[in-house]
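Structure first, commentary second.
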Amino acid sequence: MSRPTALVTGVTGQDGSYLAELLLGKGYEVHGLARRVSAGATTHVDHLLADPYEGRGGLVLHEGDLTDSSRLVSLLSEIAPDEVYHLGAQTDVAASFAQPESAADVTGLGTIRLLEAVRLIDLDLRFFHAASAQMFGDSPSPQHEDSPLRPRSPHALAKVTAYWAVRAAREVHGLHAVNGILFNHESPRRAPSFVTRRIARAAAGIALGRGRHVTLGNLDAVRDWGFAPEYVEGMWAMLQADEPVDHVLATGTAHTVEDVARACFAHVGLDWTRHVRFDERLVRPAEVDVLVGDPSRAARELGWRPRTFVPELARILVDAELSVLEGPATGMTSLAG
Ligand code: NAP
């Protein structure tokens with residue numbers, strides 16, 4: 001039997017890199033879409049790349065962009081994947097307020113382009129889309145698969161567009177397509193602008209005598225933070241299910257940004273209140289106060305359960321920053337082991 005083939009968009013990002021590792025480990029042939037600007041920004045996946053000169057199999061990168069329909073068609077025709085994991089998006093909520101049109105183009109229309117490419121070349125495949133808890137906005141928590149969608153940012157609006165495009169592909173065109181409604185999940189591979197990375201990096205740096213303060217926005221925002229490698233297991237499990245069903249992937253636990261700061265600084269023996277400063281310029285034009293997911297459907301139907309929660313997550317993030325700061329100056333941020 002030939003091995004299954006997967007295409008991963010957003011493969012150079014946090015989740016894409018963990019997912020590529022997971023799929024390669026399961027024996028998949030794995031292809032990844034990477035933007036041309038990513039050439040030189042493939043830190044997280046360099047260790048996975050196929051090397052034809054040394055005869056080493058592995059991840060195959062293809063240049064392309066979610067804004068380029070014809071490239072998506074040609075790529076899908078060439079690879080003919082059994083499974084598509086669509087993780088590529090503009091992921092920074094704060095940045096989306098400054099670039100709403102580009103968020104809609106890449107994240108919203110990008111998903112429609114990819115689904116249309118699948119439909120046009122009539123491929124029989126399974127399609128996963130990384131939807132976001134941000135779609136719930138100020139819906140009452142804990143949010144579940146049937147909670148109302150009330151987007152409060154251009155990013156969330158674009159994700160709602162993509163979410164409904166996936167549902168339409170499933171319900172109108174019969175595609176085996178699912179939305180994973182992902183709550184926050186972090187790792188040492190998180191982009192440096194995200195709050196958990198900023199806090200962990202600051203705690204590690206201050207503990208080593210480099211710097212004294214970190215500046216943060218809303219400390220009271222309540223989020224549901226899990227560990228990224230466990231979420232890509234959930235993505236894979238969703239595509240293995242017989243029926244295409246949307247699932248919330250979350251820990252079901254609530255913590256404030258302040259809780260994360262306390263845990264990260266405590267891990268290096270510091271009192272967060274002495275090192276965190278508030279800057280109202282970092283508060284978003286429209287905040288989402290509480291995002292806490294109810295992952296019970298995923299537990300019941302997929303057997304998916306998170307294993308890492310905030311205190312342990314904080315330790316993982318800070319230890320990774322410490323090892324980067326204390327280790328050789330490579331600029332690498334990948335998680336060892
Ligand atoms: P990430 O690290 O920011 O990765 C995003 C990926 O999308 C990167 O590989 C990026 O490529 C790619 N991308 C951006 N614009 C593109 C374009 N125009 N064409 C092709 N690729 C493009 O994000 P992540 O944390 O891994 O998240 C993965 C997915 O899960 C995203 O869709 C995100 O919205 C969703 N999600 C994540 C979380 C979370 O907590 N992590 C929560 C909810 C939903 P470059 O390297 O070139 O920038």
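Can you tell me how many residues within the stretch 16-30 are open to solvent by 20 Å² or more (accessible area, probe 1.4 Å), in contact (Cβ under 8 Å) with a residue 12 or more places away in the chain and closer than 15 Å to residue 233 by Cα? The qualifying residues number 5.
Can you spot a residue in the stretch 75-84 that is open to solvent by less than 20 Å² (accessible area, probe 1.4 Å), in contact with a Phe, Trp or Tyr (Cβ under 6 Å, 6 or more places away or on another chain) and within 14 Å of the ligand (Cβ to nearest atom)? Looking for residues that are open to solvent by less than 20 Å² (accessible area, probe 1.4 Å), in contact with a Phe, Trp or Tyr (Cβ under 6 Å, 6 or more places away or on another chain) and within 14 Å of the ligand (Cβ to nearest atom), one finds at least one in the stretch 75-84, hence yes.
So if I check each of 70, 2, which one is more than 8 Å from the ligand (Cβ to nearest atom), of a type in the set (Ser, Thr, Tyr) and part of a helix (DSSP H, G or I)? After ruling out the rest, the residue left standing is 70. Could you count how many residues in the stretch 139-195 are touching a strand residue (DSSP E or B) at 6+ places or on another chain (Cβ under 8 Å), assigned to a loop (DSSP other than H, G, I, E, B) and closer than 21 Å to residue 256 by Cα? Of the residues in the stretch 139-195, 7 are touching a strand residue (DSSP E or B) at 6+ places or on another chain (Cβ under 8 Å), assigned to a loop (DSSP other than H, G, I, E, B) and closer than 21 Å to residue 256 by Cα.
Rundown of residues vs (1) within 12 Å of the ligand (Cβ to nearest atom); (2) within 16 Å of the chain's Cα centre (by Cα), yes/no style:
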residue	(1), (2)
92	yes, yes
108	yes, yes
114	yes, no
148	no, no
169	no, no
178	no, yes
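For the stretch 15-29, residues that are in a helix (DSSP H, G or I) and more than 15 Å from the ligand (Cβ to nearest atom) total 2.
Quick check, is residue 322 in contact with a strand residue (DSSP E or B) (Cβ under 7 Å, 6 or more places away or on another chain), under 28 Å from residue 12 (Cα atoms) and at pLDDT 95 or above? No, not satisfied. Within the stretch 242-278, the residues that satisfy the criterion of being crowded, with 17+ Cβ neighbours inside 10 Å and of a type in the set (Gly, Ala, Ser) are 250, 252, 254, 261, 263. State whether one or more residues within the stretch 226-241 are open to solvent by 20 Å² or more (accessible area, probe 1.4 Å), within 16 Å of the ligand (Cβ to nearest atom) and not in a helix (DSSP H, G or I). Checking the stretch 226-241: at least one residue is open to solvent by 20 Å² or more (accessible area, probe 1.4 Å), within 16 Å of the ligand (Cβ to nearest atom) and not in a helix (DSSP H, G or I). Look at (1) without any contact (Cβ under 8 Å) to a residue 12 or more places away in the chain; (2) part of a loop (DSSP other than H, G, I, E, B) and you find that residue 245 fails only one, number (1).
Of everything listed in (1) within 27 Å of residue 171 (Cα to Cα); (2) buried (at least 18 other Cβ atoms within 10 Å of the Cβ), the single unmet condition for residue 70 is (2).
For residue 219, the conditions (1) without any contact (Cβ under 8 Å) to a residue 60 or more places away in the chain; (2) in a helix (DSSP H, G or I) are fulfilled apart from (2). Kindly indicate whether any position in the stretch 203-216 is at pLDDT 95 or above, under 19 Å from the mean Cα position of the chain (by Cα), at negative phi and open to solvent by less than 10 Å² (accessible area, probe 1.4 Å). No, there is no match, as no residue in the stretch 203-216 is at pLDDT 95 or above, under 19 Å from the mean Cα position of the chain (by Cα), at negative phi and open to solvent by less than 10 Å² (accessible area, probe 1.4 Å).
The values are calculated or read from the model by the stated rules, or taken from the named source; none is laboratory data. What you see is a predicted model; the values in this text were computed from it and never measured. No Cβ is skipped: glycine too gets one built from the backbone with ideal geometry, and neighbour counts run over all protein chains shown. The area values use the complete protein model at the heavy-atom level, side chains included, leaving out ligands, DNA and RNA. Shrake-Rupley method; radii C 1.70, N 1.55, O 1.52, S 1.80 Å.
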